[in-house]
Each structure stands twice: as C-alpha cells, then as structure tokens.
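A.B. asks: Structure in structure tokens, see below.
Read the figures in this text as sums done on the coordinates, not as results from a lab. What you are looking at is a predicted structure, and each value in this text was computed from that prediction instead of being measured. Cβ atoms come from the backbone with ideal geometry, glycine included; neighbour counts cover every protein chain shown.
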Amino acid sequence: MASIGTVFEAEGLVDHEFPMVPDGGNRRYRIRWGRGLILLLAGAYFLIPIYAALKFSLQNIDGKFSLSPITAIPSQPGLGAAFFLSVRLAIVTMVITMLLMVPTVIYVHLKMPRFRRVMEVVTILPIVIPPIVLILGVLHAAPLWLKSSPYLLSLVYVILAMPFVYRSLDSGLGALDVKTLVEASRSLGAGWIATIWRVLVPNLRAAILSATVLTVALVLGEFTMASLDLWETLPVWIVDFDQTNAHISTAVAMLSLIGTWVLLTLIISLDRPRSGKLRRNRTS
C-alpha cells in the first residue's frame with residue numbers, strides 16, 4: 001500500500017489537502033479559517049443592524065422590552081391597503097417580466113447570438129439611469145388614464161428588473177444546448193409555443209425562479225418611484241408612518257423584512273424537490 005501511494009505521489013495524483021486513507025478510515029479535512037472569518041463578518045454585517053432595529057422597536061422609554069408595538073400593527077390605518085398594493089404590484093410585475101423576457105432571451109440565443117452583446121449593454125441601462133429620472137420621464141410621457149392607475153408602477157418595475165432577469169435567464173440558457181432541444185422538439189411536430197412551454201421552460205426552472213426572487217424582492221422594497229407617483233406602497237407607508245410612531249414603523253419594517261425572506265425562501269424551495277429527484281436518479 002505504501003509503494004502504491006509513493007507511485008501515485010510521484011505521478012502527482014495525490015491531493016495533499018485530502019490525504020489517502022484506507023477504506024473505512026476517517027478522511028481529514030483542512031479547516032478553512034479564512035472562509036469562516038468572511039462568513040462571520042458578513043453575518044455580523046447583516047444581523048447587527050437587524051438586531052439594533054428590533055431592540056429599538058421593542059424597547060420602551062424605561063428600557064424594558066414590550067410586544068405592544070407588534071400587537072398594535074394590525075390596527076394601524078392604511079397598512080393593509082399598502083401591503084396588498086405592494087403584493088399586487090409584485091405579482092403583475094413578475095408576470096409581465098416573464099412574458100416579455102423569456103421569449104426574448106430564447107429568441108436572441110437561437111436567432112441572433114451576435115446580438116447578445118447589444119442586449120447586455122441595453123439591459124444594464126436601468127442600473128445606470130437613476131430611478132428618479134426614469135419615473136419623472138415616465139410621468140411626463142404617460143397618458144392620463146395610465147397615470148391614474150397604480151399598475152404604471154408595474155410597467156416601470158419591469159424596466160428596473162430587466163438587468164437581473166436577463167442575466168439570470170441568459171446564464172440558464174447558456175448552460176443548455178438550446179438548438180438541439182429546439183430542433184428535436186420541432187422535428188417531433190411541436191410548435192414554437194409548445195417548444196418553449198414544454199421543453200425550454202422546464203429546463204429553465206432554476207433560472208426563472210431566480211429571476212422571480214429578484215423581481216419580487218425589488219418590487220417589495222422599492223420606495224422612490226412609488227413615492228413620486230403618489231401611491232402608498234408598503235415602503236412608502238413605513239416612511240410616512242415613521243413621523244407618527246417610529247417604534248411601530250420600525251417593527252413593521254422588520255416584519256416586512258422577515259416576511260419577504262420567508263416568501264423568497266418558499267419560492268426558492270419550489271425547485272428543491274426536482275433537484276433532489278435528479279440527484280437520486282443520478283446516483284441510482
């Protein structure tokens with residue numbers, strides 16, 4: 001056994017980070033302190049402000065903790081309407097974004113591969129242009145009937161979400177042999193809609209879920225455009241109500257953060273059963 005190990009080591013086949021051990025032995029792993037330190041610092045960067053906000057919202061003047069700010073949340077005027085408006089805008093934005101971006105990205109990959117660089121430049125513009133400039137331009141150009149509807153925000157949010165959605169779908173299609181899948185589907189008599197819905201979309205499930213998570217998170221946290229369009233979404237309500245009762249406003253902000261995190265976790269978990277099934281099939 002020692003001679004075999006010497007030969008392997010001479011040929012460069014032994015990874016000294018994971019030394020060879022006999023079957024049934026315990027493999028020794030090197031503890032990567034650098035990665036652990038980075039994760040610890042990142043966790044502290046995100047968790048300490050959340051802890052400070054929770055402490056501020058639940059602590060009264062005497063320094064004692066009380067759940068009265070949380071129990072008083074359901075009775076606050078305008079909160080329910082603002083919450084449901086944000087949810088409606090998130091759903092409409094997600095549907096419009098997927099209906100526009102999925103066929104577009106597929107078409108660019110199939111018919112216009114050289115146009116992908118132009119698409120990368122175009123889709124980065126919503127990040128370069130400030131949201132305040134974008135919404136002011138839209139409010140001046142949009143017709144009156146559209147200005148009076150809150151769903152004008154959904155149309156603008158589609159533009160804001162475009163950079164993230166495009167890159168998520170583009171990376172998902174880049175991992176597939178799109179031409180082979182499309183040619184096989186077309187040769188079996190399927191139309192373009194059936195090919196996209198039954199062949200490409202199931203293979204893009206992870207990319208679509210990732211794009212959905214980014215879109216929903218963006219809409220639920222957007223403040224500037226909704227405020228300038230004079231619609232009271234949940235972030236606008238939190239900022240406005242902060243002038244009346246900062247403790248309740250901070251408690252609502254923390255609950256919205258936790259609720260958004262739970263919602264995004266549920267969306268991501270939709271892909272886990274399929275991923276687990278694929279791993280089981282590969283091992284079997």
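A.B. asks: Relative contact order (percent) for the stretch 76-283, with alpha-carbon contacts under 8 angstrom and 6 or more residues of separation?
C.D. replies: 30 percent
A.B. asks: Hey, if you drop one equal point scatterer on each alpha-carbon of the stretch 57-119 and run the Debye formula without solvent, what base-10 log of I(q)/I(0) do you get at q = 0.23, 0.27 Å⁻¹?
C.D. replies: Cα-only, vacuum Debye calculation for the stretch 57-119: -0.94, -1.03.
A.B. asks: Go ahead and run the numbers for FRET between residue 177 and residue 51, Cβ-Cβ distance against an R0 of 51 Å, rounding to 0.05.
C.D. replies: 0.60
A.B. asks: Go through the stretch 229-246 residue by residue and turn each phi into a ³J(HN,Hα) via Karplus (6.51, -1.76, 1.60, θ = phi - 60°); whole Hz please, and just put x for glycine and proline.
C.D. replies: Values, residue by residue: 7, 6, 10, 8, 7, 4, x, 5, 4, 4, 5, 5, 6, 4, 6, 8, 8, 5 Hz.
A.B. asks: Taking 7 Å along the Cα-to-C-beta vector as the label spot, tell me the residue 112-residue 223 distance in nanometres, rounded to one decimal.
C.D. replies: Spacing of the two 7 Å Cα→Cβ label points: 3.8 nm.
A.B. asks: Mind ordering 227-239, 191-203 by average Cβ neighbours within 10 Å, highest first?
C.D. replies: Descending packing order for the listed peptides: 227-239, 191-203.
A.B. asks: On to the next question. According to the Kirkwood expression over distinct Cα-Cα pairs, how big is the hydrodynamic radius of the stretch 207-277, in Å?
C.D. replies: Computed over Cα pairs of the stretch 207-277, the Kirkwood hydrodynamic radius comes out at 13.7 Å.
A.B. asks: Taking the stretch 113-255, how much of its Cα-Cα pair set, in percent, is spaced more than 28 angstrom apart?
C.D. replies: 39 percent
A.B. asks: Quick one: compute the contact order of the stretch 180-270, relative version, from alpha carbon pairs under 8 angstrom and 6+ residues apart, as a percent.
C.D. replies: Reported as a whole number, the value is 24 percent.
A.B. asks: Starting from 0.36 nm per residue, how many nanometres of slack lie between residue 267 and residue 246 once their C-alpha separation is accounted for?
C.D. replies: 4.4 nm
A.B. asks: Could I ask something else about it? Taking the Cβ-Cβ separation of residue 147 and residue 257 as r and a Förster radius of 30 Å, what is the calculated FRET efficiency to the nearest 0.05?
C.D. replies: Efficiency, rounded to the nearest 0.05: 0.45.
A.B. asks: Once the Cβ-Cβ distance between residue 81 and residue 205 is put in as r, and R0 is 30 Å, what FRET efficiency do you end up with, to the nearest 0.05?
C.D. replies: The computed FRET efficiency comes out at 0.30.
A.B. asks: Right, here's the next one. Take the alpha-carbon centre of the stretch 45-93, take the same for the stretch 227-254, and report the distance between them in whole Å.
C.D. replies: 9 Å
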